[in-house]
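S.K.: One structure, pasted below without further comment.
The values are calculated or read from the model by the stated rules, or taken from the named source; none is laboratory data. Since we're looking at a predicted model, the values are computed, not measured. Neighbour counts are summed over all protein chains in view; Cβ atoms, including those assigned to glycine, are modelled from backbone coordinates with ideal geometry.
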Amino acid sequence: MSQLILEQALNGLQFGLMLFLLAAGLTLVFGIMDMINLSHGSLYMGGAYLGAAAAQASGSFLLGVVAAMLGMAAVGVVLELLLLRRLYRRDHLAQVLATFALILISNETVRMIWGPQPLMLNPPAALAGPVELFGFSYPAYRLLIVGVGLAVAAFLYLLVGHTRAGMWVRAGASNREMAEALGVDVRLLFTGIFALGAALCAAAGVLLGPLLAVQVGMGENILILAFVVIVIGGIGSIRGALVGSLLVGMVDTLGRALLPTLLRAVATPEVAGNLGPALASIAIYVLMAGVLFFRPAGLFPARA
Amino acid sequence: MKKMLAAALLASATLPALAADAVKVGFLSTLSGPAAGLGVDIRDGFQLAMKHLNGKLGDRPAEVIVADDKQDPNTAKQTAERFLKKDKVDFMTGIVFSNILLTVAKPVFDSQTFYISANAGPSQLAGAECNPYFFNVAWQNDNVAEAMGKWATDQGMKNVIGIAPNYPGGKDALNGFKRFYKGNIADEMYTKLGQLDYAAELAQLRAAKPDAVFFFLPGGMGINFVKQFVAAGLSKDIRLITSGFSADEDTIPAVGEPMLGLFNSSHWAFDLDNAANKKFVADFEKEYKRIPSLYASQGYDAAMLMDSAVRQTKGKLDDKAALRKAFEAAKFASVRGKFKFNSNHYPVQDYFLRVVRKDEKGRITNKLMGTIFADHADAYVGQCKMPK
């Protein structure tokens with residue numbers, strides 16, 4: 001039983017860390033630029049497709065990840081300069097409409113280039129099998145994802161907490177006008193943040209590719225979870241995004257694993273099968289409601 | 001330029017007249033998303049049959065309107081309404097998933113349009129809700145799983161866990177397996193339809209330690225499940241068994257080596273020895289450069305069945321009673337050899353055992369191993385009171 005819980009905890013950690021890669025960029029854009037970017041999920045999808053195509057063409061998974069991150073960072077810069085920059089001063093409705101249009105455009109573009117059928121991306125052959133871990137086997141590839149997620153978290157912690165650029169970011173998040181008045185080049189900062197967010201998103205897309213499917217519309221489902229994460233964590237806070245991601249990842253995985261098992265003890269498998277996943281998917285939102293009840297600005301609000 | 005314009009005008013003037021004369025088939029299927037491989041194969045099988053029939057159904061020119069349901073019941077319902085009201089199709093076919101079929105069934109039957117199912121075979125339409133306008137040329141959902149249940153019993157498997165998506169087709173599959181499996185069902189897991197990450201379920205399987213896992217996860221679900229099952233190192237302790245739906249040409253190339261040795265049940269096999277099948281398999285490989293899956297064989301048979309019905313009624317599609325009789329007769333050469341309809345318009349047919357292995361050309365594919373059931377009917381026919 002303890003082994004089951006340990007394995008599920010690892011699964012939760014893996015899922016949570018991937019959510020963090022998405023949420024990190026989203027929370028900075030939302031927190032600092034006060035911009036609701038619904039097309040964040042499209043960057044995730046674009047990264048997955050770009051990575052899958054590059055990995056298939058070159059035969060190297062690593063090259064696929066690098067190509068996806070660089071490619072989507074470039075797309076992010078172009079998008080920011082051409083479109084999003086004009087939206088910062090508009091109200092949220094205009095932002096939602098414009099970025100929703102971006103979702104539709106990018107879905108159809110991907111469909112035109114790669115077709116309606118999903119691409120199947122395989123993990124590198126060396127990581128396709130299991131590794132022995134505390135007396136049970138665990139997929140090597142999922143372990144790699146956990147490792148990458150932790151490395152990115154550490155990198156962002158150092159970047160935001162201990163560099164000059166990070167200081168600007170924090171200053172921008174807590175008070176944009178004051179940061180501008182003190183001479184921070186906010187326009188350049190915004191473009192940089194957007195590119196970084198897009199690259200992280202793309203990395204999540206490629207890394208999750210072999211576990212899910214690289215397909216049109218893959219960004220929308222996960223985008224909702226990313227929004228839940230940043231609302232729980234506090235908008236604009238990287239630390240909040242990390243804690244929120246891990247909370248959501250754990251609650252979702254443990255709920256999905258344990259609730260049906262518990263329910264099967266008291267109900268028929270069919271009822272448990274109906275009720276279990278439904279309750280598990282509600283669990284995340286119950287968590288969000290609970291956090292917001294006690295801390296309306298999230299766990300670690302950027303604007304204290 | 002003027003000439004071209006005139007020609008174009010002439011063509012557009014004659015086209016509607018031609019189209020009005022044509023037999024119209026509304027082909028609605030899942031052609032995008034992780035399960036797209038299934039719909040694409042049904043479509044390609046159907047189109048190959050149309051090619052063999054020179055684009056005609058029973059000597060009348062035929063028009064096949066293809067649409068994607070995106071595996072979404074609402075999209076499917078809207079498209080079906082368009083087929084019925086605007087295009088005024090004579091037949092409908094193509095739907096992959098039982099939940100989608102059940103949502104479009106009513107408007108189709110209400111408009112007295114014949115639906116020839118080339119895949120989904122929900123128990124509802126085989127039993128109490130059977131309908132004169134519905135024919136299933138594939139199987140009833142339970143059947144293929146029943147064959148695997150029988151085989152698991154014969155193999156002396158003591159402890160099996162069943163896993164399927166939580167939708168009518170998934171429930172039918174596990175019910176079918178249980179009907180003929182006499183050992184202990186350690187657990188039944190129902191997952192979300194379309195789920196792609198099975199980490200949580202695999203951890204539960206590892207803890208439960210069954211002899212075997214029977215999985216019914218069509219399309220991308222099965223592809224991911226098998227890959228993740230192997231990656232988690234479970235294949236050395238737990239045996240995988242499945243119905244043919246997750247062990248055919250949409251899944252095998254995507255998963256590769258880990259599929260080797262997977263026993264599965266099917267109502268058809270590409271190496272089944274009969275003339276219609278040999279022609280179908282050879283031409284399919286020539287046309288599409290891949291081995292046909294069971295889904296493709298069902299699409300092919302659906303077109304051939306329509307052809308036989310139109311031919312017998314001499315193209316008089318308004319005589320619904322005669323048309324129904326012609327469908328019931330099923331006078332076509334099925335690629336699975338013998339085929340006939342039961343009183344609930346579902347097939348009575350053989351079910352085979354196959355195993356995935358390398359063929360003489362070194363390709364990983366299925367090999368026919370034997371017959372599990374001969375002339376097998378579904379369990380719901382007794383509940384069906386088919387109107388005369």
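S.K.: Considering (1) in contact with a Leu (Cβ under 7 Å, 6 or more places away or on another chain); (2) polar (S, T, N, Q); (3) not in a helix (DSSP H, G or I), say which one A:N122 fails and leave the rest.
M.R.: (1)
S.K.: While we're here: Checking B:D250 against (1) assigned to a loop (DSSP other than H, G, I, E, B); (2) modelled with pLDDT of 90 or more; (3) touching a helix residue (DSSP H, G or I) at 6+ places or on another chain (Cβ under 8 Å), which test does it fail?
M.R.: (2) is the only condition that B:D250 fails.
S.K.: Can you find a residue that is more than 22 Å from B:A254 (Cα to Cα), small (G, A, S) and surrounded by 19 or more Cβ atoms within 10 Å (Cβ to Cβ) anywhere in segment B:289-303?
M.R.: yes
S.K.: Which residue is farthest from the other protein chains (Cβ to nearest Cβ), if the candidates are limited to segment A:181-236 and must be β-branched (V, I, T) and touching a Ser or Thr at 6+ places or on another chain (Cβ under 7 Å)?
M.R.: The qualifying residue farthest from the other protein chains (Cβ to nearest Cβ) is A:I235.
S.K.: Check off (1) away from chain B (no Cβ under 14 Å); (2) of a type outside the set (F, W, Y); (3) farther than 26 Å from A:R170 by Cα for A:Q56 and give me the number that stays unchecked.
M.R.: (1)
S.K.: Would you be able to say whether some residue in segment A:127-145 is more than 11 Å from chain B (Cβ to nearest Cβ), of a type in the set (G, A, S) and part of a helix (DSSP H, G or I)?
M.R.: Looking for residues that are more than 11 Å from chain B (Cβ to nearest Cβ), of a type in the set (G, A, S) and part of a helix (DSSP H, G or I), one finds none in segment A:127-145, hence no.
S.K.: Here is a check on your reading of the model: is A:V229 surrounded by 24 or more Cβ atoms within 10 Å (Cβ to Cβ), in contact (Cβ under 8 Å) with a residue 60 or more places away in the chain and closer than 29 Å to A:P124 by Cα?
M.R.: For A:V229, the condition - surrounded by 24 or more Cβ atoms within 10 Å (Cβ to Cβ), in contact (Cβ under 8 Å) with a residue 60 or more places away in the chain and closer than 29 Å to A:P124 by Cα - is not met.
S.K.: What number of residues within segment A:156-215 satisfy the criterion of being in a helix (DSSP H, G or I), farther than 18 Å from A:M33 by Cβ and under 15 Å from the mean Cα position of the chain (by Cα)?
M.R.: 7
S.K.: Another question about this same structure. For A:I103, work out the one condition from (1) closer than 21 Å to A:L189 by Cβ; (2) in a helix (DSSP H, G or I); (3) touching a Ser or Thr at 6+ places or on another chain (Cβ under 9 Å); (4) not acidic (D, E) it doesn't fulfil.
M.R.: Of everything listed in (1) closer than 21 Å to A:L189 by Cβ; (2) in a helix (DSSP H, G or I); (3) touching a Ser or Thr at 6+ places or on another chain (Cβ under 9 Å); (4) not acidic (D, E), A:I103 misses just condition (1).
S.K.: Go over the candidates A:L6, A:L63, A:L43, A:L17 one by one and state the one that is at negative phi, surrounded by fewer than 24 Cβ atoms within 10 Å (Cβ to Cβ), assigned to a helix (DSSP H, G or I) and modelled with pLDDT of 95 or more.
M.R.: A:L63
S.K.: Just to be sure, is A:R256 surrounded by fewer than 19 Cβ atoms within 10 Å (Cβ to Cβ) and of a type in the set (K, R)?
M.R.: No; evaluated as a whole, the condition is false for this residue.
S.K.: May I ask you to verify whether A:G249 is at pLDDT 90 or above, under 22 Å from A:E7 (Cβ atoms), more than 9 Å from chain B (Cβ to nearest Cβ) and part of a helix (DSSP H, G or I)?
M.R.: The answer is yes for A:G249.
S.K.: Among the residues of segment A:48-84, which ones are out of contact with any strand residue (DSSP E or B) (no Cβ under 9 Å at 6 or more places or on another chain), of a type outside the set (A, V, I, L, M) and more than 19 Å from A:I103 (Cβ to Cβ)?
M.R.: Scanning segment A:48-84 gives A:S58, A:G59, A:S60, A:F61, A:G64.
S.K.: Also, quick follow-up: Output the residues belonging to segment A:216-229 that are assigned to a loop (DSSP other than H, G, I, E, B) and hydrophobic (A, V, I, L, M, F, W, C).
M.R.: Correct list: A:V216 only.
S.K.: If you don't mind, there's one more thing I want to ask. Please specify each residue of segment B:56-76 satisfying the condition of being within 14 Å of chain A (Cβ to nearest Cβ) and either of a type outside the set (S, T, Y) or touching a residue at least 24 places away in the same chain (Cβ under 8 Å) (or both).
M.R.: Of everything in segment B:56-76, those that are within 14 Å of chain A (Cβ to nearest Cβ) and either of a type outside the set (S, T, Y) or touching a residue at least 24 places away in the same chain (Cβ under 8 Å) (or both) turn out to be B:V66, B:A67, B:D68, B:D69, B:K70, B:Q71, B:D72.
S.K.: In segment B:175-189, which residue that is touching a strand residue (DSSP E or B) at 6+ places or on another chain (Cβ under 7 Å) and more than 9 Å from chain A (Cβ to nearest Cβ) is surrounded by the most Cβ atoms within 10 Å (Cβ to Cβ)?
M.R.: B:F177
This table checks each residue for (1) in contact (Cβ under 8 Å) with a residue 12 or more places away in the chain; (2) more than 21 Å from A:Q117 (Cα to Cα); (3) more than 14 Å from chain A (Cβ to nearest Cβ).
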{"position": "B:L31", "(1), (2), (3)": "yes, no, no"}
{"position": "B:Q47", "(1), (2), (3)": "yes, no, yes"}
{"position": "B:L53", "(1), (2), (3)": "yes, yes, yes"}
{"position": "B:T103", "(1), (2), (3)": "yes, yes, yes"}
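S.K.: Looking at segment B:321-378 only, could you name the residues that are in a loop (DSSP other than H, G, I, E, B), free of Cβ contacts under 8 Å to residues at least 12 places away in the same chain and touching a Lys or Arg at 6+ places or on another chain (Cβ under 9 Å)?
M.R.: Scanning segment B:321-378 gives a single hit, B:D359.
Listed here are the residues, each with its yes/no results for (1) surrounded by fewer than 24 Cβ atoms within 10 Å (Cβ to Cβ); (2) of a type in the set (S, T, N, Q); (3) on the phi < 0 side of the Ramachandran plot.
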site	(1), (2), (3)
A:L143	yes, no, yes
A:F155	yes, no, yes
A:L159	yes, no, yes
A:A165	yes, no, yes
A:G183	yes, no, no
A:T191	yes, yes, yes
A:L196	yes, no, yes
A:A204	no, no, yes
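S.K.: Taking A:G273, is it part of a helix (DSSP H, G or I) and touching a strand residue (DSSP E or B) at 6+ places or on another chain (Cβ under 6 Å)?
M.R.: It is true that A:G273 is part of a helix (DSSP H, G or I) and touching a strand residue (DSSP E or B) at 6+ places or on another chain (Cβ under 6 Å).
S.K.: Filter segment B:331-355 down to the residues that are surrounded by fewer than 20 Cβ atoms within 10 Å (Cβ to Cβ), among the small types (G, A, S) and under 17 Å from B:A302 (Cβ atoms) and list them by number.
M.R.: Passing the criteria: B:A333, B:G337.
S.K.: Which count do you get for residues in segment B:190-201 that are facing chain A (nearest Cβ under 8 Å), surrounded by 19 or more Cβ atoms within 10 Å (Cβ to Cβ) and in a loop (DSSP other than H, G, I, E, B)?
M.R.: Final tally of qualifying residues: 2.
S.K.: Is it fair to say B:S243 is within 14 Å of chain A (Cβ to nearest Cβ), out of contact with any Leu (no Cβ under 9 Å at 6 or more places or on another chain) and of a type in the set (S, T, N, Q)?
M.R.: no
Rundown of residues vs (1) more than 10 Å from chain B (Cβ to nearest Cβ); (2) of a type outside the set (K, R); (3) under 18 Å from the mean Cα position of the chain (by Cα), yes/no style:
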position: A:P260; (1), (2), (3): no, yes, no
position: A:V266; (1), (2), (3): yes, yes, no
position: A:A278; (1), (2), (3): no, yes, no
position: A:A283; (1), (2), (3): yes, yes, no
position: A:M288; (1), (2), (3): yes, yes, yes
position: A:F294; (1), (2), (3): yes, yes, no
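S.K.: Would a scan of segment B:202-212 turn up a residue that is of a type in the set (S, T, N, Q) and either within 14 Å of chain A (Cβ to nearest Cβ) or more than 15 Å from B:R239 (Cα to Cα) (or both)?
M.R.: Yes.
S.K.: Does any residue in segment B:226-238 that is within 9 Å of chain A (Cβ to nearest Cβ) and surrounded by fewer than 19 Cβ atoms within 10 Å (Cβ to Cβ) come within less than 8 Å, Cβ to Cβ, of a residue that is among the aliphatic types (A, V, I, L, M) and not in a loop (DSSP other than H, G, I, E, B) six or more places away or on a different chain, and which pairs are these?
M.R.: none
S.K.: Check A:L19, A:L10 and return the single one that is within 14 Å of another protein chain (Cβ to nearest Cβ) and touching a helix residue (DSSP H, G or I) at 6+ places or on another chain (Cβ under 6 Å).
M.R.: A:L19
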